[in-house]
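The values are calculated or read from the model by the stated rules, or taken from the named source; none is laboratory data. What you see is a predicted model; the values in this text were computed from it and never measured. All Cβ positions, even for glycine, are placed from backbone atoms using ideal geometry, and neighbour counts span all protein chains on display.
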Amino acid sequence: MDNDYPLAETLAARMLSEALARAKDEDGLSVRQIGKLMNYKTAVVLSHMATGRVPIPIDRAPELAEILKLDRDRFLSAVLQQRHPDIDWGRLFKRTTFSGEDGLAMELEAVLGSKLKDLTQEQRAVMREVAGERSPRRRWLSVHELGMVTMLRERFPEMTTDGLDQADMVKIMSAIE
């Protein structure tokens, strides 16, 4: 699916999106609550940043990183890259960038907010599956799809092992229509 937002695929937007989801799951903080902590009049601005609809303000990046428990330097670096992709920030600050041979590992650590060695066994298993899948987007959910799938899994617990039978599929389709 194409995204019409120009910054959606930037590391900064992905880091923010993942951090917002983590804050909700781990700390019970909603986007609205985080928006209040940031003194935003409306929290929708955070959603717009996380989806790449609008850029993340450089001056707010350190505060966002602190509230969302992100590595401050990595997040700020990703935000700078998002705002000014034509500048080699790593060279300017004599730091490594997210490109090159170990770029993927660094990017994953930035999204994780810690070192790869700190991944849980479940996270490692999923990453192995992703790496082995030819079309991973077809199989894995975005942060925005999780609510619906969680609801379906609660209503149909056998779905994860047996799938849905035809009668349940018909019920779901008629409810959607």
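Structure notes:
- Scope the range 156-177; condition exposed (fewer than 11 other Cβ atoms within 10 Å of the Cβ) and either part of a helix (DSSP H, G or I) or touching a Ser or Thr at 6+ places or on another chain (Cβ under 6 Å) (or both); matching residues: THR160, THR161, ASP162, GLN166, ALA167, MET173, SER174, ALA175, ILE176
- Helices (runs of 4 or more DSSP H) (entirely within the range 10-118) containing at least 2 residues that are surrounded by 14 or more Cβ atoms within 10 Å (Cβ to Cβ) and modelled with pLDDT of 90 or more: 11-27, 31-37, 44-51, 61-67, 72-83
- Checked across the range 134-148, the condition of being at pLDDT 85 or above, in contact with a Leu (Cβ under 8 Å, 6 or more places away or on another chain) and within 18 Å of LEU20 (Cβ to Cβ) holds for no residue.
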